[in-house]
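First comes the structure, then the notes that go with it.
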Amino acid sequence: MKILVTVKRVSDPEAKLKIKPDGSWIQTEGVKFVVNPFDEIAVEEALRIKEKQTGEVVVVSIGDKVVTEQIRAALAMGCDRGIFVNYPGASDSFDIAGILQKIVEQEKPDIIILGKQAVDDDMGAAGFMLAELLGYPQAAFASKVEISDDKKKAKVTREIDGGLEVKEVEIPCIITADLRLNTPRYASLPNIMKAKQKPIKEVTVDALGVAVKPSVTVKKLTEPPKRKGGVKVESVQDLVTKLKNEAKVI
Amino acid sequence: MSNVVILCEHKNGELVKQSLSAVKAGIDAAKATSGKSFLLLMGSGIDKAKEAASRLGADGVIAVEDAALAGYTAEAYAIAAFEAIKPQSADLVLATTSAFSKDLLPRLAVKLKAGMVSDILSIKTDGGKIAGFTRAMWAGSMIADVEVSAAVVVATVRGTAFAHAEPVAAASPVTPVSVKIDQGALHAKSLEVIEHKSSRPQLADASVVVSGGRGLKGPEGFKTIEQLADLFGAAIGASRAAVDAGWVPNDLQVGQTGKIVAPNLYIAIGISGAIQHLAGMKDSKTIVAINKDPDAPIFQIADYGLVADFAKAVPELVDEIKKVK
Ligand SMILES: Cc1cc2nc3c(=O)[nH]c(=O)nc-3n(C[C@H](O)[C@H](O)[C@H](O)COP(=O)(O)OP(=O)(O)OC[C@H]3O[C@@H](n4cnc5c(N)ncnc54)[C@H](O)[C@@H]3O)c2cc1C
Ligand SMILES: Cc1cc2nc3c(=O)[nH]c(=O)nc-3n(C[C@H](O)[C@H](O)[C@H](O)COP(=O)(O)OP(=O)(O)OC[C@H]3O[C@@H](n4cnc5c(N)ncnc54)[C@H](O)[C@@H]3O)c2cc1C
């Protein structure tokens, strides 16, 4: 089976972020960047499917040259080769889906696994837009993936409001990874060394034939008002008194 | 003039309460721009939901009823929604953020050639037009002003950021729309929905939420805090750490990548207060934190902090509240 996974370069979820003086974006100098945590889960799932089924895992990232760091990280986890789409400008989720569509048309993977959302902007849209562009079925928010013996279908358990859903999708299909799908492996030192030799193909959006024209644009960032902490109470009784008399919630 | 279509969810034939946030946001946006608002219901066996939807003050209700829509799939519902919305010349399509809308709306956005914005906090109107939106980014640490240049915008609406639409006396007309769905062309089917059964209110609907984290040490810890929840008729929530450990079901996770709640009272017990957790509850009216570490970050945002071991404090709290209730 051939599996395509996507990795987005995002600021470390632990990072303290500041807005640029002109409000246009966050300051990126000195900020640590990582593979979007949901994409690590996607990579892990792709590797597990490959280990059961044999095949190839191809990893793609879109951005400027620095995103090759995240491609290398995925290669070190065990992906076979990388595709770096060199596009340094702004894009929206639809642009990303449009670029990925071209990659899918060239690579013809059986399964495409993305993260359920990018934790920097929390859009959570690119995967499903890609599914619609390709006319593929989608299994969103996956917490379990089973491939049928004939490799024609995937049975996916999905996290939904109030429980779980089991959905069957025909292959080729799109899957988006949720938190409980798996625990991503750490790259071992030998695998990090090996990853340096693995091929990364660079392509441009022009060569792919996509015009990137974000229709959704961030005009300005501001920090929300900080919630002020209140008081520490002395005892359980003190807490109950305050909840009753001040907050009036009892 | 902006025409707005609002997708409404239903469960067991009844309109889902959370949808009322998007209904309110949509009707208000249409009014502010002198446009029209329509509620869209899709499914089968939805008479009660249709009746409820027709009493919310929209200009009309569109109902797509088809056996092919009995079980939800994004593939079938995107087709149905697209066919129903097409003749409305909609400028804005909304639904309250949920597992349903997050799955469906991006697909629909592509069909409508629309720009997609997720989990909006507000809608700006200007001179009879929709001018922009605000939304949270980086786990709620930034608010972004977003503009969309596409002719149509599809957006999910954060439930906690908008009031619920209130019932009105006058009924809006309900228009049935039929669509053709070729099941075979969907390449997808729903096999089973496994409901996590609970007598408690849903997280999003509850006015009191009692949440537990890693500090509860195990599923028994959740039994302890359930007694507190019982006193308030509260929903139970959890941090990611507690869900990852398998102590409670996945859909109880509160936070950036789980559910976003803003109840009247939120009680966080054995939760440290990571930014990803705060993103899901910091707009609650009153926040109480119980944690044995006096330096836990949760205390920086809690209105009332109690430094204590939960195993001792929570049973005491239950007794004390019973005395004064
Ligand atoms: C300086 C700067 C300015 C920007 N300005 C804007 C702006 O004004 N408006 C705007 O909408 N966006 C802007 N972005 C881009 C934005 O962060 C996203 O790249 C874009 O919105 C699409 O991804 P998403 O996060 O919405 O995807 P989501 O739908 O949240 O992501 C889902 C999944 O898609 C995949 N994916 C997403 N992006 C990539 C990628 N680049 N490479 C590989 N896989 C990917 C991942 O697997 C991810 O888990 C800007 C980025 C930068 C660096
Ligand atoms: C991509 C990503 C997404 C995430 N999404 C979410 C999300 O949506 N929601 C979320 O919650 N987290 C999320 N997280 C995880 C988040 O970063 C934290 O790791 C998590 O919230 C910690 O959970 P916790 O507070 O229960 O555990 P800990 O941080 O381990 O805190 C446990 C607390 O319990 C206290 N404690 C211990 N024993 C007792 C006792 N006997 N009595 C009282 N207090 C006690 C301790 O002092 C400590 O403060 C996400 C992380 C990532 C990377």
Review point. Within region A:182-202, how many residues turn out to be open to solvent by 100 Å² or more (accessible area, probe 1.4 Å) and farther than 18 Å from A:E45 by Cα?
Key: 5
**Study point:** Count - residues of region B:135-153 that are of a type outside the set (A, V, I, L, M, F, W, C) and open to solvent by less than 10 Å² (accessible area, probe 1.4 Å)
**Key:** 1
Point to revise | Pairs, first in contact (Cβ under 8 Å) with a residue 12 or more places away in the chain in region A:77-94, second among the aliphatic types (A, V, I, L, M) and part of a loop (DSSP other than H, G, I, E, B), C-beta under 6 Å, six or more apart | key: A:M77/A:A187; A:S91/A:V212; A:S93/A:M123; A:S93/A:A125
Exercise for review: Return yes when B:G132 is at pLDDT 95 or above, in a loop (DSSP other than H, G, I, E, B), open to solvent by less than 40 Å² (accessible area, probe 1.4 Å) and within 11 Å of chain A (Cβ to nearest Cβ) and no when it is not.
Suggested key: no
Revision key, fill the gap. Within region A:157-178, the residues that are open to solvent by 30 Å² or more (accessible area, probe 1.4 Å), over 17 Å from B:T257 (Cβ atoms) and at the interface with chain B (Cβ under 8 Å from one of its Cβ atoms) are A:E168, A:E170
Point to revise | Count of region A:110-120 residues which are surrounded by fewer than 22 Cβ atoms within 10 Å (Cβ to Cβ) and facing chain B (nearest Cβ under 8 Å) | key: 1
Review point. Before we move on, is B:A169 open to solvent by 80 Å² or more (accessible area, probe 1.4 Å) and in a loop (DSSP other than H, G, I, E, B)?
Key: yes
Exercise for review: Kindly indicate the residue of region B:265-305 that is facing chain A (nearest Cβ under 9 Å) and of a type in the set (S, T, Y) and also nearest to ligand 2 (Cβ to nearest atom) among those meeting that condition.
Suggested key: B:Y304
Practice item. Might you check whether a residue that is out of contact with any helix residue (DSSP H, G or I) (no Cβ under 7 Å at 6 or more places or on another chain), within 12 Å of chain A (Cβ to nearest Cβ), open to solvent by less than 40 Å² (accessible area, probe 1.4 Å) and closer than 23 Å to A:G115 by Cβ occurs anywhere in region B:83-98? Key: yes
Study note, to complete from the structure: Counting only residues in region A:137-151 that are within 9 Å of chain B (Cβ to nearest Cβ) and part of a strand (DSSP E or B), the one surrounded by the most Cβ atoms within 10 Å (Cβ to Cβ) is identified as A:Q138
Review point. Among all residue pairs at least 6 apart or on different chains, which show Cβ distances below 9 Å where the first residue, located in region B:136-149, is within 7 Å of another protein chain (Cβ to nearest Cβ) and under 13 Å from A:P214 (Cβ atoms) and the second is of a type in the set (D, E) and open to solvent by 30 Å² or more (accessible area, probe 1.4 Å)?
Key: none
Check your understanding: Any residue in region B:252-264 that is open to solvent by less than 20 Å² (accessible area, probe 1.4 Å), out of contact with any Phe, Trp or Tyr (no Cβ under 8 Å at 6 or more places or on another chain), away from every other protein chain (no Cβ under 11 Å) and at pLDDT 95 or above?
Key -> yes
Study note, to complete from the structure: Flagged in region B:281-307 as touching a Gly at 6+ places or on another chain (Cβ under 8 Å), closer than 24 Å to B:T97 by Cβ and in contact (Cβ under 8 Å) with a residue 40 or more places away in the chain, in numbering order, are B:M281, B:K282
Point to revise | helices (runs of 4 or more DSSP H) completely within region B:43-114 that count 2 or more residues being touching an Asp or Glu at 6+ places or on another chain (Cβ under 7 Å) and of a type in the set (K, R) | key: B:99-111
Check your understanding: In region B:200-217, which residue that is surrounded by fewer than 22 Cβ atoms within 10 Å (Cβ to Cβ) and over 12 Å from the mean Cα position of the chain (by Cα) is nearest to ligand 1 (Cβ to nearest atom)?
Key -> B:R214
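Matching residues to (1) outside the structural domain of B:F100 (by TED's automatic domain parsing); (2) open to solvent by less than 20 Å² (accessible area, probe 1.4 Å); (3) in a helix (DSSP H, G or I); (4) under 26 Å from A:K248 (Cβ atoms):
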{"site": "B:Q227", "(1), (2), (3), (4)": "yes, no, yes, yes"}
{"site": "B:G237", "(1), (2), (3), (4)": "yes, yes, no, yes"}
{"site": "B:Y266", "(1), (2), (3), (4)": "yes, yes, no, yes"}
{"site": "B:M281", "(1), (2), (3), (4)": "yes, yes, no, yes"}
{"site": "B:I290", "(1), (2), (3), (4)": "yes, yes, no, yes"}
{"site": "B:D293", "(1), (2), (3), (4)": "yes, no, no, no"}
{"site": "B:F299", "(1), (2), (3), (4)": "yes, no, yes, yes"}
{"site": "B:L306", "(1), (2), (3), (4)": "yes, yes, no, yes"}
Exercise for review: With the condition kept exactly as written, say whether any residue in region B:52-59 is open to solvent by less than 60 Å² (accessible area, probe 1.4 Å), touching a strand residue (DSSP E or B) at 6+ places or on another chain (Cβ under 6 Å) and over 21 Å from B:K86 (Cα atoms).
Suggested key: yes
Practice item. Mind checking which strands (runs of 3 or more DSSP E) fall wholly inside region A:1-75 and carry at least 1 residues that are modelled with pLDDT of 95 or more and away from ligand 2 (no atom under 16 Å from the Cβ)? Key: A:2-6, A:56-63
Practice item. Please state which one of A:A126, A:A131, A:A154 is more than 17 Å from B:Y77 (Cα to Cα) and open to solvent by less than 10 Å² (accessible area, probe 1.4 Å). Key: A:A154
Check your understanding: Does A:G209 qualify as being on the phi > 0 side of the Ramachandran plot, open to solvent by less than 20 Å² (accessible area, probe 1.4 Å) and away from ligand 1 (no atom under 16 Å from the Cβ)?
Key -> no
Practice item. List the number of the failed condition for A:T222; all other conditions in (1) open to solvent by less than 80 Å² (accessible area, probe 1.4 Å); (2) hydroxyl-bearing (S, T, Y); (3) more than 8 Å from chain B (Cβ to nearest Cβ); (4) out of contact with any Phe, Trp or Tyr (no Cβ under 7 Å at 6 or more places or on another chain) hold. Key: (3)
Check your understanding: What single numbered condition from (1) in a loop (DSSP other than H, G, I, E, B); (2) more than 17 Å from the chain's Cα centre (by Cα); (3) within 15 Å of ligand 1 (Cβ to nearest atom) fails to hold for A:E132?
Key -> (1)
Review point. Touching a Lys or Arg at 6+ places or on another chain (Cβ under 7 Å), of a type outside the set (K, R), within 15 Å of ligand 1 (Cβ to nearest atom) and not in a strand (DSSP E or B), is that true of A:P109?
Key: yes
Study note, to complete from the structure: Output for Cβ contacts, cut-off 7 Å, separation at least six or different chains, first residue under 19 Å from B:A155 (Cβ atoms) in region A:108-136, second acidic (D, E), reads A:K116/A:D178; A:D122/B:D119; A:F128/B:D103
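The values are calculated or read from the model by the stated rules, or taken from the named source; none is laboratory data. All of these numbers come straight from a predicted model, not from anything done at the bench. No Cβ is skipped: glycine too gets one built from the backbone with ideal geometry, and neighbour counts run over all protein chains shown. To get the accessible areas, we keep the full protein, side chains included, count just its heavy atoms, and leave off ligands, DNA and RNA. Shrake-Rupley method; radii C 1.70, N 1.55, O 1.52, S 1.80 Å.
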